[in-house]
Amino acid sequence: EEIEKGGYEHFMLKEIYEQPRAIKDTYRGRLLADQGLIRMAGIDQNLEKFTNANRIIIVACGTSWHAGLVAEYIFEDLARIPVEVEYASEFRYRNPVITDKDVLIAISQSGETADTLAAIKLAKEKGAFVFGVCNVVGSSIARESDAGAYTHAGPEIGVASTKAFTTQITVLTLIALKLAKAKGVFSESKYHEYLSELETIPAKVEKALESNPLIEIISDVYKDSTNCLYLGRGYNFPVALEGALKLKEISYIHAEGYPAAEMKHGPIALIDEHMPVFVIATKKGHYEKVVSNIQEIKSRKGKIIAIVTEGDEQVTDLADHVIEVPETLESLTPLLTTIPLQLLSYHIAVMRGCNVDQPRNLAKSVTVE
Ligand code: AGP
């Protein structure tokens, strides 16, 4: 096992650090930026199913569901296809309206999650086209799907999902870009800008990982918290949910993720000097609005830990701590803003003496409902 950890103390940390490579492996052979091409057999062979679809329904659980939420923003924003994201466990039992004009995308690291598998079977019965996004090759969901794309993240051993999440987002971004191009809803220049920016992401993730020593210091300040709030807007709202889930599952600290603007509809009542609030406040995407949310937290004495774009000044002046990530296109920011939140949960859990790779009560793949 020590050899498998490759010198890291835990699988989770190893898998966090593997992300630049994992993301590259995900787009290797698919993203041909110099030729302006994205090659994905599962999409190429079924292109019309997607371009003629009434809507895309995404089903998943846990972290994979969060990747689905990011995909909802990407598909609607770039490819202009309506998307619904569903918890597989709810979808399968709520007698959903499904037609043969629907495409269902099932996202699952393990490819064995019982609820996601059942949702696929239901959608197939109703005539929908089912596309699987899995990491484990040959898994049940991969086999049950009509077509699919693997994430190629390599084995993920830590129960807390890290590289599976960022590689799922990478695959879903490639699909959205392909569909945007096929539907002609994207200008050539915008399309090319996306392809070349995607190629810079592994190096930018590498850069984000360089904040690890600072993140360790911040983790030490907040390791004894009993509650934490995570806020983000737009593309970074699902990242806030994912940050909160990561902290809960491995450190056993109660955490909630919220869209930043929803704070004033309830959670703001929780804010006092004992409440750490992790805010994703990158430059692109509702920056000024998030700044005013930060001011609201500050005036109630909440502690602000902000994830900002390199060189940020406004949030840096307001926040108690800032962690910088490189600049990128708005829809690609989740691939970077997720990294510091993964490291924060990791360090807090280690400092609290928790079993990071095998948290209590959790299994790597949930094969029973
Ligand atoms: C993530 O950190 C969790 N351990 C969990 O939410 C997981 O993402 C969920 O069980 C779904 O698993 P899957 O991707 O293998 O279907």
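Here, each number is a calculation from the coordinates, and none is a lab measurement. Only a predicted model underlies this, so the values are computations on that prediction, with no experimental measurement involved. Note that we place each Cβ from the backbone using ideal geometry, even for glycine, and neighbour counts take in every protein chain shown.
Quick rundown of the values:
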quantity	calculated
The chain: most fluctuating residue of PRO267, PRO276, PRO340 per GNM, C-alpha cutoff 10 Å	PRO267
Kirkwood-based Rg to Rh ratio, the range 234-367, C-alpha trace	0.97
Most mobile listed residue (ALA240, ALA164, ALA319) in the chain, GNM with C-alpha springs under 10 Å	ALA319
Rounded tilt (10° steps) of 212-222 against the dominant C-alpha axis of the chain	60 degrees
Net charge, ASP115 excluded, C-beta distance under 14 Å - Lys, Arg +1, Asp, Glu -1	-2
Cα-only Debye scattering, the range 28-118: base-10 log of I(q)/I(0) at q = 0.25 Å⁻¹	-1.35
Taking LYS283, LYS301 and counting other C-beta atoms within 10 Å, the order from fewest to most	LYS301, LYS283
Full-stretch length increase - SER196, GLU330 - with 0.36 nm per residue and alpha-carbon distance subtracted	46.8 nm
Antiparallel bridge percentage (DSSP; both residues within the chain; nearest 5)	5 percent
Extreme residue, positive dipole direction of the chain, given options SER140, LEU122, SER161 (C-beta unit charges)	LEU122
Using alpha-carbon coordinates, inclination of helix 163-183 to the longest axis of the chain, degrees	50 degrees
Among ILE305, PRO276, ILE201 the positive-end extreme of the charge dipole of the chain (Cβ point charges)	ILE201
C-alpha center-to-center spacing [the range 15-36, the range 304-330] in angstrom	26 Å
Spatially proximal lysines relative to LYS284 (Cα-Cα < 19 Å; intrachain offsets below 8 disregarded)	LYS190, LYS204, LYS207
Check: the chain dipole with +1 on Lys, Arg Cβ and -1 on Asp, Glu Cβ, in debye	760 debye
Spherically averaged projected area of the range 220-275 from its Cα convex hull (nm²)	3.9 nm²
Per-residue Cβ neighbour rank within 10 angstrom, fewest leading, VAL322, VAL366	VAL366, VAL322
Within the range 255-271, backbone nitrogen closer than 12 Å to the virtual label 7 Å beyond the Cα of LEU318 toward Cβ	261
Ellipsoid semi-axes in whole angstrom, largest first, where each is sqrt(5λ) of the Cα gyration tensor of the chain	32, 23, 21
Built amide H within the under 5 Å cut-off of LYS283, gap 5+	THR309
Gain on full stretching of the segment that runs from TYR93 to TYR287 - 0.36 nm per residue minus C-alpha separation	66.0 nm
Using alpha-carbon coordinates, inclination of helix 114-125 to the longest axis of the chain, degrees	30 degrees
Per-pair calculated FRET efficiency, R0 = 22 Å: ARG143 and LYS101 via Cβ, rounded to 0.05	0.35
